[in-house]
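**Student:** Handing you a structure now.
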Amino acid sequence: MLAGLYKEEKYEDVGNVSELIQKYGVSRVSLCKLRKSDGAKVLLDGMLTRGMKPNMETYAHLTHGFCNEERNDEAKKMFKSMVNHDCRPNSDCYFTFIHYLCNGGDFDTALQICKESVEKGWVPNFGNMKSLVNGLVSINKVDEARELITQVNERFSRNIDLWDEVEAGLPQ
């Protein structure tokens, strides 16, 4: 980002970004890890204002940063913004987002993101999927949990025996 600002001769903005980096002593990725996602978003907004195109990793870190701060509404906006700015989330981005959404108890959104992931041919690991299924059951969405298990079993044959065990334990 700094290189782009130098190239555009935006020296005042270089100073502003440098101040943020000095203040926190880290990059936007680390800002998210330090639970300073708002500061990282300021950097992203500056990039967008200047016509710079952030990459998928930038959006993914912000999405996960907001989730880590238990700000799922901001995380959802960031994930949507990623797609709207033609950055295609990869499988890891989907899987990590599902993980954080389940940890935050947002099982409806996690289910939606999981379905998108499965449509692309990506299935989260068994632990994340089991968290999602158990979470759906906890909010009385047993039918949705069964449907998800069926969809995963139809498209991905591995772990069928584990899924059979999980499905057998679901409430009738």
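The values are calculated or read from the model by the stated rules, or taken from the named source; none is laboratory data. Only a predicted model underlies this, so the values are computations on that prediction, with no experimental measurement involved. Here the Cβ is made from the backbone with ideal geometry for all residues, glycine too, and neighbour counts use every protein chain on show.
**Student:** Closer than 30 Å to Gly46 by Cβ, modelled with pLDDT of 85 or more and hydroxyl-bearing (Ser, Thr, Tyr), is that true of Ser131?
**Tutor:** Spelling it out, it is not the case that Ser131 is closer than 30 Å to Gly46 by Cβ, modelled with pLDDT of 85 or more and hydroxyl-bearing (Ser, Thr, Tyr).
**Student:** Return yes or no: is Ser117 over 18 Å from Asn72 (Cα atoms), in contact with a Ser or Thr (Cβ under 8 Å, 6 or more places away or on another chain) and not assigned by TED's automatic domain parsing to the domain that holds Thr63?
**Tutor:** Against the criterion (over 18 Å from Asn72 (Cα atoms), in contact with a Ser or Thr (Cβ under 8 Å, 6 or more places away or on another chain) and not assigned by TED's automatic domain parsing to the domain that holds Thr63), Ser117 qualifies.
**Student:** Is it the case, given these coordinates, that Asn134 is in a loop (DSSP other than H, G, I, E, B), out of contact with any Ser or Thr (no Cβ under 8 Å at 6 or more places or on another chain) and of a type outside the set (A, V, I, L, M, F, W, C)? Spell out the reasoning first.
**Tutor:** Details: in a loop (DSSP other than H, G, I, E, B): no; out of contact with any Ser or Thr (no Cβ under 8 Å at 6 or more places or on another chain): yes; of a type outside the set (A, V, I, L, M, F, W, C): yes.
Taking the combined requirement at face value, the residue does not satisfy it.
Every residue, every condition in (1) in contact (Cβ under 8 Å) with a residue 40 or more places away in the chain; (2) within 16 Å of Ala75 (Cα to Cα); (3) buried (at least 18 other Cβ atoms within 10 Å of the Cβ), yes or no:
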{"site": "His99", "(1), (2), (3)": "no, yes, yes"}
{"site": "Ala110", "(1), (2), (3)": "no, yes, yes"}
{"site": "Met129", "(1), (2), (3)": "no, no, yes"}
{"site": "Val133", "(1), (2), (3)": "no, no, yes"}
{"site": "Ile139", "(1), (2), (3)": "no, no, no"}
{"site": "Thr150", "(1), (2), (3)": "no, no, no"}
{"site": "Asn159", "(1), (2), (3)": "no, no, no"}
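**Student:** Lys77 fails exactly one of the following numbered conditions: (1) assigned to a helix (DSSP H, G or I); (2) free of Cβ contacts under 8 Å to residues at least 24 places away in the same chain; (3) not assigned by TED's automatic domain parsing to the domain that holds Ala60. What is the number of that condition?
**Tutor:** Lys77 satisfies all of (1) assigned to a helix (DSSP H, G or I); (2) free of Cβ contacts under 8 Å to residues at least 24 places away in the same chain; (3) not assigned by TED's automatic domain parsing to the domain that holds Ala60 except (3).
**Student:** Kindly establish whether Val83 is farther than 23 Å from Thr58 by Cβ and β-branched (Val, Ile, Thr).
**Tutor:** no
**Student:** Next question, about the same structure. Based on this model, can you work out whether Asp45 counts as over 30 Å from Arg146 (Cβ atoms), modelled with pLDDT under 90 and either surrounded by fewer than 21 Cβ atoms within 10 Å (Cβ to Cβ) or among the charged types (D, E, K, R) (or both)?
**Tutor:** yes
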